[in-house]
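The values are calculated or read from the model by the stated rules, or taken from the named source; none is laboratory data. Since the structure is predicted, the reported quantities are computational estimates derived from the model, not experimental observations. Here the Cβ is made from the backbone with ideal geometry for all residues, glycine too, and neighbour counts use every protein chain on show.
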Amino acid sequence: MSNPDDIREFLATRRARLTPERAGLPTYGRTRRVLGLRREEVALLAGISVEYYTRLERGNARGVSDDVLESVSRALQLDEAEHAHLIDLVRTANTERPPRKPTTPAQVRPSIRRLVDAMTEIPAFVGNGRLDILYANPLLEALYSEQFRDPARPVNSARFMFLDPRARTFFPDWETNMLDSVAALRGEAGRNPYDRALSDLVGLLSTRSEEFRVAWARHDVRFHRSGTKRMHHPLVGDLTLSYERLEVPADPGLAIVTYSAEPGSPSEARLRELRDWSSTRARLAVVEAQNSPLT
């Protein structure tokens with residue numbers, strides 16, 4: 001992941017999607033040879049010189065001020081996630097020496113594990129920006145049983161999304177979820193461009209999934225703080241669940257993700273059925289362990 005290339009391609013893709021009409025610029029009926037805005041039009045809207053903007057879009061972000069980034073973001077009509085991503089890319093470009101990043105998954109503290117385990121009525125897990133599931137309560141493991149069939153650890157939602165055929169059945173809105181996953185990884189790449197594990201994951205998905213390569217080239221980023229997901233579980237059927245992503249301030253980069261169903265809905269009944277199945281499975285596992293000749 002090359003930072004100058006990321007800056008150039010991110011700004012170019014944002015510029016290409018913005019029409020003069022949407023930007024409030026006159027067109028005078030001229031035939032346009034480029035998609036979206038021209039560089040000089042972005043510079044005009046941002047109140048900076050064409051040379052300055054051209055240098056930035058070519059990936060030379062040395063010394064670019066926050067005020068300029070604010071102006072460029074307004075000119076390109078970037079949303080909150082896109083603006084944050086641009087700041088991350090420029091911050092990296094202005095860093096003299098790359099920071100050392102751990103290559104192993106972050107450890108989840110015992111107090112956080114206890115908190116997740118205490119959520120017995122809702123599926124919950126602790127994840128990171130690479131979409132690794134670092135710790136999960138039993139109900140989440142039951143809900144994501146298809147993902148946990150992968151023997152590789154930590155379980156990774158993006159790996160499941162692109163490399164496991166079951167994902168397209170499990171997520172009825174697979175394309176939307178796929179794009180969301182790529183946008184999350186793209187944002188994480190901007191925040192932590194020297195994360196070796198993330199680079200390895202992107203490399204793996206790029207070599208094995210055409211859908212991932214196409215989506216990655218779009219340079220889309222967005223925040224995933226809350227929303228709704230539809231799932232088709234092989235045991236209980238269709239579920240529509242609301243999710244919340246709760247950052248853990250004491251552990252930067254980690255978040256607790258929870259799922260819940262609307263009270264009185266069929267999804268709530270199916271989630272309860274899944275919880276009962278999970279509890280029964282856990283009790284059977286204990287009995288089998290006690291009766292094992294090796295114990």
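The figures follow:
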quantity: Residues of segment 37-92 classified as of a type in the set (S, T, N, Q), free of Cβ contacts under 8 Å to residues at least 40 places away in the same chain and either touching a Gly at 6+ places or on another chain (Cβ under 9 Å) or not assigned by TED's automatic domain parsing to the domain that holds GLU9 (or both), total; calculated: 1
quantity: Breaking point among (1) modelled with pLDDT under 95; (2) in a loop (DSSP other than H, G, I, E, B); (3) not aliphatic (A, V, I, L, M), for PRO263; calculated: (1)
quantity: Residue in segment 58-67 that is among the acidic types (Asp, Glu), surrounded by 12 or more Cβ atoms within 10 Å (Cβ to Cβ), modelled with pLDDT of 95 or more and on the phi < 0 side of the Ramachandran plot present; calculated: no
quantity: Number of the exception - LYS229 against (1) crowded, with 19+ Cβ neighbours inside 10 Å; (2) in contact (Cβ under 8 Å) with a residue 40 or more places away in the chain; calculated: (1)
quantity: Residue, farthest from PRO20 (Cα to Cα), within segment 56-71, restricted to residues that are over 24 Å from the mean Cα position of the chain (by Cα) and not in a loop (DSSP other than H, G, I, E, B); calculated: ASP66
